[in-house]
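Peer 1: Can you read through this structure? Questions will come right after.
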Amino acid sequence: MTTDRLMALDLLVSVLTAAAWVSAGVAAAARRTRTTAALFAVALVASLARVWSVLALAGSGWWFVQEKVTVALPLLFAAAAVATALAGPRVLRAARRPGPPSGAVPHGVRTPAVVVPLLGAGYAAAAGLVQTFLVGYPADPGTALLLLAVVAGAVLVTWRASGASVPGLRTATAATAVAAVLGVTLTFVPATEGTAAAAEGAASAGAGAAGAAGSETPSAHGDHPASADHSVSGPSSEGHSVSGASASVAGGPVRPVTALRGPAVPPPGGAVRRFTLTARTATVTLSSGRKVAAWTFDGRVPGPPITAVQGDLVEVRLRNADIASGVTLHWHGYDVPSGEDGVPGLTQEAVPPGGEFVYRFVAAQAGTYWYHTHEVSDLGVRMGLYGTLVVTPEGAAATGVDLTLPVHTFAGTTVTGDHDQPLVRQVAPGTPVRLRLINTDNTPHRFTLAGTPYRLVAVDGTDLTGPGTLGRAGLRLAAGGRYDLAFTMPAGPVVLRTDDRSDAVRLTPGPSGTGEGAAGTRTGDGGTGDGGTGDGTGGGSTTTAPTGDWPELDLTRYGTPAPTPYTLRSRFDRDFTLVLDRGFALAGGKPAYAHTVNGLAFPDIPTEVVREGDLVRLTVVNRGRDTHPWHLHGHRVLVLSRDGRSPTGSPLWLDTFDVRPGEVWEVAFRATNPGLWMNHCHNLSHADLGMMLHLAYEGVTTPFHGAHGG
Amino acid sequence: MRKVYAALAGLLLAAAVVQMYLAAVGAFDKPQDDSSFALHTMNGMMVIPVLSLVATAAAAAARAPGRQIGLTVLPLGLVIVQSLIVAIGGLFDDSTGNTTPLSLAILGLHAVNGMAVIGACELVFRRARRLAWPKPEPRSQDAAEGSAVPAS
Ligand SMILES: [Cu+2]
């Protein structure tokens, strides 16, 4: 069974356990002897099943069961044992008694000695659920104590309410109160310590003195490469956030991130590609004629396409006309110098209305990328502050049809480019076609291509090796990710469908429009062939049939293997583990039901510090119920394994990988791009709720003190 | 103490009403995502459970009858069910995380159970008031609502 299913099963079993214990107690209070006995039995069986479900889940990794094994199960078992010892014999005796209904028996099961232990076991079982939901990973002594106090308090109240006199009530109440206060203190005091440690954190982090702060585990800085599994630092031991702080280095040079900029002139042979993008609010008209209020670059959504040939220097002047919250440009998936990365408060200040910022970087990587604002990025990107970045290989003659298709959910509808209706193109049969799919949303999209065999030739801008021919396959594209599909135009129509629901692109056979095949790249905002021309649906049955049952392509088994510079067996200089979950935490200083990393939310998540040249392994574990598209700025990562299995197909170099519930991804990268980088969930609403942190190179500082990272 | 208990029960009812309001705020927020419901989530997972627990403790301290104490913790139990409805409904989303007819059928219960939370809070408050002021004083507010109290 998959981890995802095991997590669901464990959840259901724990709900059943809590419900059975509580109902048994309620039944006893209502003098239903036989019902009490039956529910008691169900509760015992469910509790044992809970042990089994936790053990089964433990096979997927300690991260998935840590709080259950250390707190929830012991608590449940102590309570269940007490209930069995106290209530068990009484319930059995009452149930065995023949004759009149138990209600007539003076005591029967409605005695505090039965009702209170049964309900108490119910509270203990429910506490485990509450812990999983509210606290998540990892369980710590503070929250455990607090939980224990709540259960004890509930038992005391129940006992008192059952009408019995409670021996030592005052002492017990006092003890519970002390436990509660201690729990609260332990839970919240480290947070303040973390703030205090922020200043010194910089120094200790820089020196690589990771374990110095006395965390119980080898620490997230991972100076011990062998400690793969539990290298999670204590909640605050070296908890410094980079906003404002920095990673200084012992004896090394110190550079501000603002010095890490692109060159002023292109490399020999390259041209300068100049663009000016002006961010402003505007009303845009979608292809159907529908008008939508948007935040735009140059009044368009998507913004103007930025194109270059490999080796060119791209120079983009960003101006802000009237986006009040400010705007930046982040080059998603493009390994630009850190000072060009466009992260407000970290690599630059957000560009205010009236301001401007010039980005310069060499177009070193060919492929499909995109750009978007990183200031209030969740809202900003969804409102339209994004566009495409496509770099074509040097010397490659552009032939055929090349469509760049950013897919976005805009004002509630899915648009491809600026088309809220299918984009229709005539293409001459025999023409090579390349479709560049970009998911600019917060959630994954599923694409299908009907009417022709095709190949998935590139993922996140990087070509795959030996991509095989695909037919009836569902392509799941992570938020922020890109797929390049290639095929030769057949004699019949070809349809690209999004989420098995809406047709995004319809290519119909026919003479291509003038110059159609000549241009290298263009966005999907075609001024030609909108619907009218040749909607020839010959063989339409193959392209209109439902695609929902097409199996999802497993990227880790697609293509052919090729040598990689490092593998699972490499020796890693740094080892970081990120356990993703939900729980209460301070997100941006405000209490929230946050999306957490190792139990913390930005900016409290310790910065990952690396040294230039390090080989770094990231293990990302999702023990929550949401999908998290993980995105590291400035580096492409090589997938080492997913759920313990290495890819058997083409090597996968990704900048955004979808970590689904229950999944564990191991990825690696070489630290060759010095700077200060965001490492975050690209479901930007999750990032807003805390799921982001910084990765800092030793010796790089920032002069910016923005509270914001995205 | 019974007056304190009644006041807490009133707060609990107010928090439950605010919760409905915040649900509507989230539903009408555009563009909509997790953060649209941030306040709804905070109020529902933090404020209402804590108020429910504190009110229950107050009921115990006020020597309310056992039934009443049990009733006071009911909103907390129902709120746990609210979270479970969301979690279990989510299990039936499709592979891209979009809802399916089945997951929606489950998630819709969130509203029904939400009404149960309001109902429970209202019942708690009404009975808490009766405990605190056994004979309604001739104040207009009590007179207006007094007639609505059924002898349950
Ligand atoms: Cu996420």
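Peer 1: Using a probe radius of 1.4 Å on protein heavy atoms only, what is the accessible area buried between chains B and A, both sides summed, to the nearest 100 Å²?
Peer 2: 2300
Peer 1: Order A:544-550, A:689-695 from most to least packed using the mean count of other Cβ atoms within 10 Å. Intermediate results must be reported in sequence, preceding the final value.
Peer 2: Numbers: A:544-550: 14.0, A:689-695: 27.3.
Result, highest mean Cβ count within 10 Å first: A:689-695, A:544-550.
Peer 1: Taking Cα centroids, how far is segment A:128-180 from segment A:1-54 in Å?
Peer 2: Computed from Cα coordinates, the inter-centre distance equals 21 Å.
Peer 1: May I pose another question? Could you tell me which of rounded, prolate or oblate describes segment A:3-190, using a ≥ b ≥ c as the square roots of the eigenvalues of the alpha-carbon gyration tensor, with rounded for a/c under 1.5 and, failing that, prolate when a/b is larger than b/c and oblate otherwise?
Peer 2: oblate
Peer 1: Turning to a different aspect of this structure: For a test of the definition: using alpha carbon positions, the gyration tensor, and the 1.5 limit on a/c, classify segment A:428-518 as rounded, prolate or oblate.
Peer 2: prolate
Peer 1: Which cross-chain or sequence-distant (5 or more) residues have an amide H under 5 Å from the amide H of A:Asp499, H modelled 1.01 Å from N in plane?
Peer 2: For A:Asp499, whose amide H was placed from the backbone, the distant partners under 5 Å are A:Arg446, A:Phe447, A:Thr448.
Peer 1: By how many nm would the segment from A:Ala562 to A:Trp52 grow when fully extended, if each residue of separation counts as 0.36 nm and the alpha-carbon distance is taken off?
Peer 2: 179.5 nm
Peer 1: Also, quick follow-up: What are the residues whose amide H is under 5 Å from the amide H of A:His332, where those residues sit 5 or more places off or on another chain and H is modelled from the backbone?
Peer 2: A:Trp370, A:Tyr371, A:His372
Peer 1: While we're here: Enter the mean number of other protein chain beta carbons within 10 Å of the beta carbon of each residue in A:156-166, as an integer. Please list the in-between numbers first.
Peer 2: Values: counts 2, 11, 6, 1, 5, 13, 3, 2, 0, 0, 0.
Mean inter-chain Cβ contacts per residue within 10 Å come to 4.
Peer 1: Pull out a ≥ b ≥ c, the square roots of the eigenvalues of the alpha-carbon gyration tensor of segment A:270-397, then state rounded if a/c is under 1.5, prolate if not and a/b is larger than b/c, and oblate in the remaining case.
Peer 2: It comes out oblate by the Cα gyration axes.
Peer 1: Using a probe of 1.4 angstrom, how much of the accessible area of segment A:7-130 is carbon and sulfur, in percent?
Peer 2: Carbon with sulfur: 72 percent of the solvent-accessible area.
Peer 1: Can you check what the net charge comes to around A:Ser646, using other residues whose Cβ is under 11 Å from the Cβ of A:Ser646 (Lys, Arg +1; Asp, Glu -1)? Show your work: numbers first, answer last.
Peer 2: Working: positive: A:Arg557, A:Arg569, A:Arg642, A:Arg645; negative: A:Asp643, A:Glu666.
Result for the neighbourhood of A:Ser646: +2.
Peer 1: Give me the distance between the Cα centres of segment A:426-454 and segment A:322-367, rounded to whole Å.
Peer 2: 29
Peer 1: Near the amide H of A:Val700, under 5 Å away, which other amide H atoms are found, from residues 5 or more places off or on another chain, if H is placed in the peptide plane?
Peer 2: Here the answer is A:Ala247, A:Arg255, since their amide H atoms fall under 5 Å of that of A:Val700.
Peer 1: Using the Cβ atoms and a cut-off under 10 Å, what net charge is assigned to the surroundings of A:Asn320, where Lys and Arg are +1 and Asp and Glu are -1?
Peer 2: Taking every other residue near A:Asn320 into account, the sum is -1.
Peer 1: Next up: Around A:Pro352, what is the net charge, scoring Lys/Arg as +1 and Asp/Glu as -1 over all other residues with Cβ under 15 Å from its Cβ?
Peer 2: -2
Peer 1: Using the Karplus curve 6.51 cos²θ - 1.76 cosθ + 1.60 with θ = phi - 60°, work out ³J(HN,Hα) for each residue of segment A:112-129 in order, rounded to whole Hz, and write x for Gly and Pro.
Peer 2: Calculated HN-Hα couplings, in order: x, 5, 9, 4, 5, x, 5, 4, x, 5, x, 4, 4, 5, 5, 4, x, 5 Hz.
Peer 1: At A:Ala85 and A:Ala41, where each label point lies 7 Å from the Cα along Cα→Cβ, what is the point-to-point distance in nanometres?
Peer 2: According to this spin-label approximation, the distance is 2.5 nm.
Peer 1: Separate question: Over what distance in Å are the Cα centres of segment B:43-90 and segment A:620-677 separated?
Peer 2: 41
The values are calculated or read from the model by the stated rules, or taken from the named source; none is laboratory data. Everything numeric in this text was worked out from a predicted model, so none of it was measured. All Cβ positions, glycine included, derive from the backbone under ideal geometry; neighbour counts span all protein chains shown. Accessible surface areas use protein heavy atoms only, side chains included; no ligands, DNA or RNA. Shrake-Rupley method; radii C 1.70, N 1.55, O 1.52, S 1.80 Å.
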